[in-house]
């Protein structure tokens, strides 16, 4: 075989001694712990190359002085033998292009002829060369050449000794030269055969072992090459092998791009300590290590999240580590996305309520532990609902994103800004001063900065929008609060800021707490009242200037077992805020219509009308008109006797929808009155489009109509306006004859 796996030619040899070129190369090759051998013949070729190199080096060292000494003593034959042998050996070494068996046979023949020549010229001291002949034949060629070499030696010794007369003196055999050489040949052949046959047997075992290992490695590589899971092998320093799946995983095109690459170059710095620790364990213990989550690197620097399992193996005859890699990059990304969705606001990317409560809990604990104050700021955008409804939700989201960015720029690292929902944001300011007053000053400074930032214009499609915010602040840290307490307190303070005119901030006042508790208790009682039917209607008559009763207004009352009769002023606002007004308003309308049906059966009351107040929230239900018609149908009430009183707040939004519903009910005979006229937002343009029957002067103008000229002027204006558009007028809250006469005089 002509393949020589060990390089023997080194460029620029002229400037370096032969021993410095050859010996280090072959010693490194000989002593390296990892030798990748294709087969037994490759191993033999390697051995031949090593032996030839050593023979040339050591032969040169020995032959040169030997030749000089022989020439000085006149031993021309010895000098010639050494010179020819050295030249022959150098020729075999240099002619690496010759077939392997030619070189091996040449080397074995050289040993035989050298031994024979020295035996004839020097004596039996040179028998070692003859003994090396069969051993080298066994090592380099095989059993047949080795046996042939033994046989040739067995023939050579007696011929060289007896026939040629080699000089060998053995006591006791002086007169028996033939028997003497027979004894010498037998002993020599015995020892030589033992060494040669042992070498052959060892080499046969080595050949089988190499073949078995080669077959095992081939099966191993075939198996892992077909395995879809990325597998790689390394020696703790560099990559030794990678299957196609691993090649693709690391972004390589071929295996050669990974072979010899340092292992650490494929490991992310965050996981380097983990990998090094596992390598240390592999050095001390055999077996498989459990799964470990690591960050790896593709050749282009892309990070791979992976679960890695490693085990010690033997690869290419050397100790190695096999790693199985499970790519979990997509799974980690999905987990992070789930985490993002679970704890972040989808519009702004800020922490959501869940994450806010967790961080607030930590801040409360840290405040108690370190005896430092913290602050919670509740930020609510002013008039955001109007902005969202007029300019659209898309621009509303853009506004929220800009607000989130400005808030984040106003706080320190370590503080938290979160979005609760809609236009509500919360800031957690930690590690403020331990002094309460200083902490309040620090929190106020941050919130003043926020007010300034939020007052700056917002730009949408080259158009500017100006907005403001109201901020409520509460301090925490003096004692361990629940997470809901500071949040509720800050929200209450924010409402105080709203009430103070907006675009300002307020600190929490403990008196607010009692208001909230009262509100919460009232809300609970209101729920119970609806369940237990504790509401009833009273009817306030409506009369003409002549005193004739023409109808009544239905007024809802609450018969609370604890409070007694509760007037609407105490619970209607809360009912509207909580949505209970929908259920309550439906009950009032149905009860009033049932009363209309009862009055229809009495001649003196059959022409009466009933006026029912309808809240804006109730009227804005999409099916409100259908609800009214259904109640009229079920109760049997005359639609012409039902009058719905609407407030001017109803006209703030969705005016077209309001007009459409009014027209639908008007077509069925239902009448409409505009309640509390003059206190709200109606304009003449809107007023003339509404299918109204009546304007109602608010009682706030009636009560002082005799003493306040302005109230009298407003009443006169309402009457004149109603006359101009063909509407009737009714005044609310007339309590004295003088008030009645004054209003009658106005028309």
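Quick note: the coordinates plus some simple rules give every number you see, no bench work behind them. These numbers come from a predicted model, not from an experiment. Here Cβ is always computed from backbone atoms with ideal geometry, including for glycine, and neighbour counts include all displayed protein chains.
Net length available on complete extension from residue 291 to residue 518 is 75.9 nm, with 0.36 nm assigned per residue and the Cα-Cα distance removed. Available extension along the chain between residue 270 and residue 69 is 65.4 nm, counting 0.36 nm per residue and deducting the alpha carbon span.
Ranked by Cβ crowding within 10 angstrom, fewest neighbours first, how are 253, 395, 248 ordered?
253, 248, 395
Listed from fewest to most Cβ neighbours within 10 Å, the set 425, 250 follows the order 250, 425. Mind checking the full-extension length gain between residue 347 and residue 151? Use 0.36 nm per residue of separation minus the Cα-Cα distance, one decimal, nm. The residue 347-residue 151 span can extend by a further 61.0 nm. With the simple spin-label model, which puts each label point 7 Å out from Cα in the Cβ direction, the residue 745 to residue 468 separation comes to 4.3 nm.
Put a dot 7 Å past the Cα of residue 95, heading toward its Cβ, do the same for residue 574, and the two dots end up 11.6 nm apart.
Legend: ranking of residues 612, 729 from fewest to most surrounding C-beta atoms inside 10 Å; resulting order 729, 612.
Taken along its three principal axes, the alpha carbon spread of region 524-692 comes to 47, 41, 33 Å, from the longest extent down to the shortest.
Using C-alpha pairs under 8 Å with a sequence gap of at least 6, the mean separation divided by the residue count of region 348-508 gives a relative contact order of 32 percent.
Of all the C-alpha pairs in region 515-622, what % are more than 16 Å from each other? Mind showing how you got there, number by number?
Working: 3599 of 5778 pairs.
Distances greater than 16 Å cover 62 percent of the Cα pairs.
Shape call for region 348-508 from the C-alpha gyration tensor, a ≥ b ≥ c root eigenvalues: rounded (a/c under 1.5), prolate (a/b greater than b/c) or oblate?
Note, shape of region 348-508 comes out prolate.
Cβ-Cβ distance of residue 500 and residue 444, R₀ of 22 Å, FRET efficiency by 1/(1 + (r/R0)^6): the value works out to about 0.90. Between residue 459 and residue 434, the modelled label-to-label distance comes to 4.8 nm, taking each label 7 Å out from Cα in the direction of the beta carbon.
Compute the normalised compactness of region 227-333: alpha-carbon radius of gyration over 2.2 N^0.38 Å, N being the residue count. It would help to have the intermediate numbers written out before the result.
Working: Rg = 12.8 Å, N = 107, 2.2 N^0.38 = 13.0 Å.
That works out to 0.98 for region 227-333.
Calculated FRET efficiency, residue 586 to residue 280, Cβ-Cβ distance, R0 = 60 Å: about 0.20 to the nearest 0.05. Once the Cβ-Cβ distance of residue 207 and residue 60 is raised to the sixth power relative to R0 = 35 Å, the FRET efficiency obtained is 0.60.
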